[in-house]
Amino acid sequence: MTPKEKWLNAFENRHGRKPSPQEFQAAKAVDFDVTDLVTPETPQAQEEPVTQAPQAIAEASQLDAPEVQEKTKATAVEAAQPAFQGQPEPVAAASQQDKASIIPPTIILVGAVIFLVVALVVPVPLAWLFVALSLATATAGLVFFILDLKKSNKVLSIIAFAVSLVLFMGTAGTVLTKQLLAVGSQAQEAIEVIEEVESNDSGKDSSDIDNYVDEDAAFKWTEKDFRALKFSNKYAGTRLTTIVKKYGKATRGTVGTESLTLDYSGKSGDTTKSVSLTFRKDDEGHYVLMTGYATNISKAPVEAQDSDSYTSNWTKSDYEALKVQESGEDSKTGTTLKDIVDKHGNPTDVQMVINNSGNGFGERLSITYSDYDTEDKLQYVSLDFEKVDDSFYLTYKYGSDD
């Protein structure tokens with residue numbers, strides 16, 4: 001008797017029925033082991049003949065058919081499906097939750113950066129508003145950090161809180177520094193006024209030019225310094241002693257009967273910078289600032305190009321067509337600097353001058369085009385301009401054919 005026949009015989013003796021396809025497949029998987037089917041109460045079952053064995057074997061052999069196997073698999077799949085039906089998709093839900101948790105820290109980080117940048121630009125009184133907003137972002141960062149402590153994805157909240165806190169301290173420190181500098185500048189101006197008032201009560205200023213000149217003196221002037229001076233033709237200008245005390249001695253000077261001139265000069269690369277100041281002696285013997293001009297300490301509206309790479313395109317007719325501005329404080333009749341540069345390119349030399357003769361600051365510009373290798377064009381053109389409103393107008397011209 002084969003193992004299959006023994007198992008079928010034992011199964012029917014034990015259960016009184018034929019095995020189901022699933023039970024048969026399970027027995028087949030363990031090589032038709034009959035250990036679980038034989039009990040002490042029925043030991044004789046193995047020796048009794050089975051009259052229906054051939055029929056059971058035939059039916060069991062049919063269970064090996066592919067159709068039965070497919071049906072068995074389908075039944076197993078259908079039995080397993082109810083366990084998953086109606087369940088939410090855990091990956092999609094987790095993804096949505098992660099996206100939602102990223103939004104608040106991102107807003108905090110962006111807001112903290114924006115408030116810092118704006119606080120650097122706006123004036124001090126208004127800057128404190130953005131310091132307060134920066135503090136609000138740091139506080140929000142702390143709140144979200146606490147709320148996310150129990151969550152697994154809390155790294156971004158930690159970063160947002162730390163960065164927002166650092167940016168808040170940076171914003172507050174920057175604004176505080178700006179305010180302290182402003183207060184310090186005001187205090188310095190007040191001290192200078194007091195010193196000037198006190199010096200007015202002292203004796204006459206020295207007329208010895210050596211007291212105000214040092215050929216090796218460093219050049220310290222800026223456009224802001226020059227524009228801060230008071231020029232006046234009514235003895236109300238800045239004192240000579242005040243200027244020397246603040247900006248040092250000049251590199252050259254001359255003295256006359258009732259006036260004194262100091263010239264400051266220095267170099268920045270290939271550019272020579274200078275400041276020239278003329279003082280007049282008042283009735284009390286004090287030298288006060290009357291007129292002055294500064295060269296190349298402010299940015300010119302046009303830059304010079306290398307003379308070695310410049311090729312002149314000036315013709316005599318171009319030069320003659322230039323119109324010099326008519327006399328008059330607000331005259332705008334001269335050819336503009338923009339028109340000339342658009343047609344002839346950048347000049348080979350530029351000199352920017354700020355001047356004041358006691359009636360306000362003015363700006364003048366001198367440019368030169370030079371190409372001594374040309375044969376059929378003008379080799380040299382020199383032009384002076386004066387600024388009126390926002391444009392420079394031609395006030396003087398000189399060419400190599402004049």
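Read-outs throughout are calculated quantities, based only on the coordinates presented, and are distinct from any laboratory measurement. From a predicted model like this one, the values you see are computed outputs, not experimental measurements. Using ideal geometry, Cβ is built from the backbone for each residue, glycine included, and neighbour counts are taken over all protein chains shown.
Which of the residue pairs Lys299/Lys377; Lys230/Lys387; Lys230/Lys332; Lys234/Lys323; Lys267/Lys316; Lys273/Lys397 have a Cα-Cα distance greater than 26 Å in the structure shown? Flagged as over cut-off: Lys299/Lys377; Lys230/Lys332; Lys234/Lys323; Lys267/Lys316.
Where Rh is the Kirkwood radius over the Cα pairs of segment 307-399, the temperature 20 °C and the viscosity 1.002 mPa s, what D in µm²/s does Stokes-Einstein return? Roughly 154 µm²/s, to the nearest whole number.
Positive-end ranking of Leu289, Thr315, Val302 along the dipole of segment 264-402, with charges on Cβ about the Cα centre, is headed by Leu289. If the chain linking Thr333 and Thr177 were pulled fully straight, counting 0.36 nm for each residue of separation and taking away their Cα-Cα distance, it would gain 51.4 nm.
Ordered by the number of other Cβ atoms lying within 10 Å of each residue's own Cβ, fewest first, Arg17, Arg227 fall into the sequence Arg17, Arg227.
Size of segment 99-183: Rg and Dmax of its alpha carbons, in Å, are 14.1, 50. Distance from the C-alpha centroid of segment 260-327 to that of segment 335-402: 11 Å, rounded to the whole angstrom. Each label point was placed 7 Å from the Cα along the Cα-to-Cβ direction; for Ser259 and Gln25 their separation is 11.8 nm.
Sort largest first and round to whole Å: the equivalent ellipsoid semi-axes of segment 209-295, each the square root of five times a Cα gyration tensor eigenvalue.
Values: eigenvalues 94, 40, 21 Å².
Each semi-axis is the square root of five times an eigenvalue, giving 22, 14, 10 Å.
If the only charges are +1 at each Lys and Arg Cβ and -1 at each Asp and Glu Cβ, what is the size of the charge dipole of segment 209-295 around the Cα centre, to the nearest 20 debye?
Details: 14 positive and 12 negative charges, 75 e Å.
It works out to roughly 360 debye.
Using the 10 angstrom Cβ neighbour count as an exposure proxy, how do Ile354, Ile158 rank, fewest first?
On the way: Ile354 20, Ile158 15.
Fewest-to-most Cβ neighbours within 10 Å comes out as Ile158, Ile354.
Taking neighbour Cβ counts within 10 Å as the exposure measure, how do His286, His344, His15 sort from fewest upward?
Details: His286 20, His344 17, His15 11.
By the 10 Å Cβ count, ascending: His15, His344, His286.
Dipole of segment 267-402, Cα-centred, from +1 at each Lys and Arg C-beta and -1 at each Asp and Glu C-beta, to the nearest 20 debye?
Working: 14 positive and 26 negative charges, 75 e Å.
Dipole about the Cα centre, nearest 20: 360 debye.
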